[in-house]
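Structure record follows, encoded as structure tokens.
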Amino acid sequence: MKTLEDMKINDKVEFRRRILFASVALAAGLSGAGWAWWRSMPQPELQSDAQAFWDMRFEKPEGGELSLQTFKGRPLLVNFWATWCPPCIEELPLLESIWKKNGPKTLQVLGLAVDQPSAVRKFLALHPLTFPMGLAGLNGTELGRSLGNSVNALPYSVLFNADGRMIAQKMGKLEAVDLSEWLKDLK
């Protein structure tokens, strides 16, 4: 049979254990939030890679060449995607609507397919898109990494301002709220 003294000791131990668990959970949550915030911010050393980005050229799915120089001087949203990536496919209608709503006037949109050219052409034949598209192929993974996608996640989006500086990035599917915030940052 437990004595009153034993019960008080057990209550104190249980209380201390709960405080310890709560402290560890709080510290883990704050660390995770801090890490996520840091990862979502454009890194200063990436700006030189962003400048090299503007000199690149890509094959277009319909043939011909796409020079990124043609996008300079206006804000540009670049989206890395692949035909085998469900979240990529899910966000394409949102990108298409942003392109149609803003056109090249306010926010340009560029898709860079990190995929086999034949797969991209087949996909676009079934699901036509009007915003510009480039075939980045497997080199698109390295390009994405140079622009801050250290884990090679798809989809991956980067926003450049009119001066050609990277001002936002997101790993994972873009949502309307992301684009709304990004458009506010451009004004």
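The values are calculated or read from the model by the stated rules, or taken from the named source; none is laboratory data. Being a predicted model, the structure only gives us computed values, none of them experimental. A quick note on method: Cβ atoms are made from the backbone with ideal geometry, for glycine too, and the neighbour counts reach across all protein chains shown. For the accessible areas, the whole protein counts, side chains as well, though only heavy atoms, and no ligand, DNA or RNA atoms are used. Shrake-Rupley method; radii C 1.70, N 1.55, O 1.52, S 1.80 Å.
Some notes on this structure:
- Residue within the stretch 121-138 that is among the β-branched types (Val, Ile, Thr) and either open to solvent by less than 50 Å² (accessible area, probe 1.4 Å) or touching a residue at least 24 places away in the same chain (Cβ under 8 Å) (or both) present: yes
- Residue among Glu62, Glu45, Glu90 that is at pLDDT 95 or above and open to solvent by 40 Å² or more (accessible area, probe 1.4 Å): Glu90
- Hey, Ala113 more than 13 Å from the chain's Cα centre (by Cα) and small (Gly, Ala, Ser) or not: yes
- Options Asn161, Asn149: the member that is more than 23 Å from Pro61 (Cα to Cα) and touching a Pro at 6+ places or on another chain (Cβ under 6 Å): Asn161
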